[in-house]
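Participant: Have a look at the structure that comes next, please.
The values are calculated or read from the model by the stated rules, or taken from the named source; none is laboratory data. Computed from a prediction, not measured in an experiment: that's the story for all the values here. So basically every Cβ, Gly included, is an ideal-geometry build from the backbone, and we count neighbours across all protein chains shown. Accessible surface is based on the protein model in full, side chains and every heavy atom, while ligands, DNA and RNA are left aside. Shrake-Rupley method; radii C 1.70, N 1.55, O 1.52, S 1.80 Å.
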Amino acid sequence: MSASVTVSACPLSGDEREMPPPCPESLAYSFTLPPGTAGPRIARAATRVALQTHGLADMTDAVVQVVGELAACACRFTPDGEVYVSLRYRDGEVRVILYDGHARHSHPRLAAACDARRRAALRVLGCVVRACEGEWGFGEVREPGGGTRMWAVVPWRRARLFR
């Protein structure tokens with residue numbers, strides 16, 4: 001008699017081990033927003049769910065506002081292109097990074113004017129981040145394809161008090 005053995009290439013197949021529940025330290029998400037006006041709404045909704053799932057619901061108001069402001073700015077500067085979003089929790093802080101396709105202008109006055117427009121568009125973001133004693137900024141993307149990288153760091157200890 002021969003016994004038949006089923007072999008699967010899928011490492012999860014037949015694996016009944018329990019996965020640990022999500023925790024703050026495992027918050028690490030990256031996603032791409034579609035072009036257009038729906039991007040900020042999608043970014044806010046995804047961020048809200050991610051924070052609540054990872055036990056960071058007390059940061060939701062501040063971080064969702066930050067993500068929404070960054071996404072709205074990115075979509076405004078690249079209305080026909082995709083926007084990449086990264087959310088990470090490290091060392092008691094949520095780190096948010098957005099990449100958009102708006103390349104840096106080569107002419108210094110155009111670059112300065114564009115930076116001023118972006119800074120003005122991020123005025124509310126600046127207020128939220130300051131209230132949370134965090135940091136934010138933007139600059140040129142150094143990877144191929146160019147564009148702009150915007151980022152914010154929101155500390156948990158102050159973001160949980162944000163209202």
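Participant: Give me the net charge of Glu143's neighbourhood, meaning all other residues with Cβ under 15 Å from the Cβ of Glu143; Lys, Arg count +1, Asp, Glu -1.
Facilitator: So the environment of Glu143 carries a net charge of 0.
Participant: Another one. What spacing in nm lies between the two simple spin-label points modelled at Thr37 and Glu82, each 7 Å away from Cα in the Cβ direction?
Facilitator: 2.4
Participant: Could you tell me what percent of the accessible area of the chain is made up of carbon and sulfur, with a 1.4 Å probe and every protein chain present?
Facilitator: Carbon with sulfur: 54 percent of the solvent-accessible area.
Participant: Taking every pair of distinct Cα atoms and averaging 1/r, then inverting, what Kirkwood hydrodynamic radius in Å comes out for the range 87-163?
Facilitator: Radius from the Kirkwood sum: 13.6 Å.
Participant: Given a cut-off of under 8 Å on Cα pairs at least six residues apart, what relative contact order in percent is computed for the range 11-163?
Facilitator: RCO, the range 11-163: 25 percent.
Participant: In the neighborhood of Arg104, defined by Cβ-to-Cβ distances under 10 Å, what is the net charge if each Lys or Arg adds +1 and each Asp or Glu adds -1?
Facilitator: Around Arg104, the surrounding residues sum to -2.
Participant: Considering only the other residues whose Cβ falls under 11 Å of the Cβ of Leu122, what net charge follows from Lys and Arg at +1 and Asp and Glu at -1?
Facilitator: Net charge around Leu122: +3.
Participant: If you don't mind, there's one more thing I want to ask. Hey, any idea what the orientation-averaged projected area of the convex hull of the chain's Cα atoms comes to, in nm²?
Facilitator: For the chain, the mean projected area of the Cα convex hull comes to 13.3 nm².
Participant: Modelled label-to-label distance, Ala45 and Glu25, 7 Å Cα→beta-carbon offset: nm?
Facilitator: Going by the 7 Å Cα→Cβ label model, 3.3 nm.
Participant: Could I ask something else about it? For labels at Ser106 and Arg130 in the simple 7 Å Cα→Cβ model, what's the distance in nm?
Facilitator: 3.7
Participant: Assigning unit charges at the beta carbon (Lys, Arg +1; Asp, Glu -1) and nothing else, what dipole magnitude in debye, to the nearest 20, does the range 121-163 show about its Cα centre?
Facilitator: 320
Participant: Taking DSSP loops as anything outside H, G, I, E and B, show the longest stretch in the chain free of GluC sites (Glu not before Pro) there with at most 13 other beta carbons within 10 Å.
Facilitator: Maximal segment without exposed cleavage sites: 19-132.
Participant: Now for a separate question. Using alpha-carbon positions, what is the distance between the centroids of the range 127-161 and the range 66-103, in Å?
Facilitator: Centre-to-centre distance over Cα atoms comes out at 9 Å.
Participant: Moving on. Could you give the dipole magnitude of the range 23-126 about its Cα centre, charging the beta-carbon of Lys and Arg +1 and that of Asp and Glu -1, in debye to the nearest 20?
Facilitator: Around 400 debye, computed over the range 23-126.
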